[in-house]
Amino acid sequence: MKRLHVVAILAMLAASFQLLVNCSKPLESIDGQSQTPGVIVRVDTIVLTDTVIQTDTVVNTDTIIQTDTVVDVDTVYIELPDSCASQTQCARLNCYRKEIVWMFENPEGQFHLTFTARLDKDQPPQTLLVKINDQSYEWTPVDARVLEVDTRLSADASVVIKPENPQAFGHAIDICVTLTAR
């Protein structure tokens, strides 16, 4: 605003100087006699340049951090009524379901576990950590849709599946496990 006042004052000074210069008679001599020829042509040229540059910079920073974390753990209890039985269970991993936990009510013994995955067509590579009791396996369903494991399970075994890196938004992995006693 101060700059605007300074520019206005300078414009008024320039206009008054121009008026003063135009009102004088430049062809007058010192002795007061006019040296003008018979024809008087009067030309007034006023050039007034007014340039006002006003810069208003308003920076409004409004930072909102909203953390809304929902962790959905799918825990399924699976009872095997017969030592020769085969049981299949399925679950889904996605951006809000961070892990799958299957808890079996099985007797101690040798078992064959078959994990199968169904992926989206444009599924990015995702490495899953499959933990069966105390043993861990890395599985990349994009490379191999099936993971087969023959292992000895303790009574009431548990299987935990979770991604090693965060799940891509909009993509899900449907995983099924078939547990067969040997």
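Where a number appears in this text, it was derived from the coordinates with a stated rule and is not lab data. Keep in mind it's a predicted model, so treat the numbers as computed, not measured. Glycine gets a Cβ as well: all are built from the backbone with ideal geometry, and neighbour counts include every protein chain shown.
Entry note: the range 114-182 has Rg to Rh equal to 0.98, where both radii use alpha-carbon atoms and Rh is the Kirkwood radius.
Note on Val146 and Thr178: the model spin-label points, each 7 Å out from Cα along the C-beta direction, lie 0.8 nm apart.
Just how large is the dipole of the range 85-180 about the Cα centre, in debye to the nearest 20, putting +1 at every Lys and Arg Cβ and -1 at every Asp and Glu Cβ?
Details: 9 positive and 13 negative charges, 61 e Å.
Dipole about the Cα centre, nearest 20: 300 debye.
Counting 0.36 nm for each residue step from Thr114 to Thr127 and taking away their Cα separation leaves a gain of 3.0 nm.
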